[in-house]
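What follows is calculated from the coordinates using simple rules that are stated; it is not laboratory data. Nothing here was measured: the structure is a model prediction, and the numbers come from that model. We place every Cβ from the backbone using ideal geometry, glycine too, and count neighbours over all the protein chains shown.
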Amino acid sequence: MNEIPKGVQLVVAPPFTHLVPVAEALKGSPVALSAQNCADQPKGAFTGEVSAAMLKSVGCAYTILGHSERREYYGETSEKLVKKMALAFENGLKVIFCVGEKLEEREEGNHFDVVSAQISEVLFGLEPEQMKNVVIAYEPVWAIGTGVTATSEQAQEIHAFIRKTLAAHFGEKVAEETTILYGGSCKPSNAQELFACPDIDGGLIGGASLKADDFIAIAKAY
């Protein structure tokens, strides 16, 4: 843990089956624990689901919601994400909320509209105070797992747009205080350039997080 640079907050999000041992391993460290998802129901007979209360009970501080793969493969809608977010808050969890466009949406020039809708449909129902418990992660879906990365100019442009969208609804103070992460094939070789952008506050790291040296190198780049 002494390799973690000062001023950098790290959160790890292992699969559900690893949450308990990872929570034990992180005790006494500054690294926070997140789940990759949570159920949209508080309790009941929902076989295979993991509730926000369960996540809190094993030591999670965060849950990721709205990841592009959940939207794409499991049909997660904004309506369902509103329910999940409410349950996360009720159980004292912070939320890493993912937004982002597919390749065809960017090619058609609709990426701003897509991201704006994803934000307004879920976050605009929150009170400004609740936004303190939300981290936004921008995922260019076309760059995830493909090795293709958005240029720093593309990433900064959409991050600035997200902050502007928040400011228009919640005010400048909330927009400035909201952490916005870049998530799309971020790796040691491009992390420093991306993190140098004024509206990029960090990264949602996928494949590169599976190699400890790469993960630490990305943290040091920030």
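Cross-link candidates for residue 132: which lysines have Cα within less than 16 Å, leaving aside residues fewer than 8 places away along the same chain? Output for residue 132: 94, 173.
Placing a label point 7 Å from the Cα of residue 146 along the Cα-to-Cβ direction, the residues of the stretch 66-104 whose backbone N falls under 13 Å of that point are 101-104. Using the Karplus relation 6.51 cos²θ - 1.76 cosθ + 1.60 with θ = phi - 60°, the per-residue 3J(HN,Hα) values for the stretch 99-110 come to 9, x, 10, 7, 4, 5, 5, 5, 4, 7, x, 9 Hz, with x marking Gly and Pro.
Stokes-Einstein diffusion for the stretch 100-207 at 10 °C, viscosity 1.306 mPa s, with a Kirkwood radius from C-alpha pairs, works out to 113 µm²/s.
Computing Rg and the Kirkwood Rh from the Cα coordinates of the chain gives a ratio, Rg/Rh, of 0.94. Note on residue 6: lysines with a C-alpha under 19 Å away, same-chain residues under 8 apart excluded, are 27, 220. Phi-derived couplings, Karplus 6.51 cos²θ - 1.76 cosθ + 1.60 at θ = phi - 60°, listed residue by residue for the stretch 175-187: 4, 5, 7, 7, 7, 10, 9, 9, x, x, 6, 7, 8 Hz, with x used for Gly and Pro. Put simply, the amide H of residue 135, placed in the peptide plane, has neighbours under 5 Å in 95, 96, 97, leaving out anything fewer than 5 places away on its chain. Placing dummy labels 7 Å off each Cα toward the beta-carbon, the span from residue 58 to residue 90 is 2.1 nm.
The modelled label-to-label distance for the pair residue 72/residue 6, using points 7 Å beyond Cα in the direction of Cβ, is 4.1 nm. Sequentially through the stretch 78-84, phi angles give Karplus couplings (6.51, -1.76, 1.60; θ = phi - 60°) of 4, 4, 5, 5, 4, 5, 4 Hz, Gly and Pro residues having no value and appearing as x.
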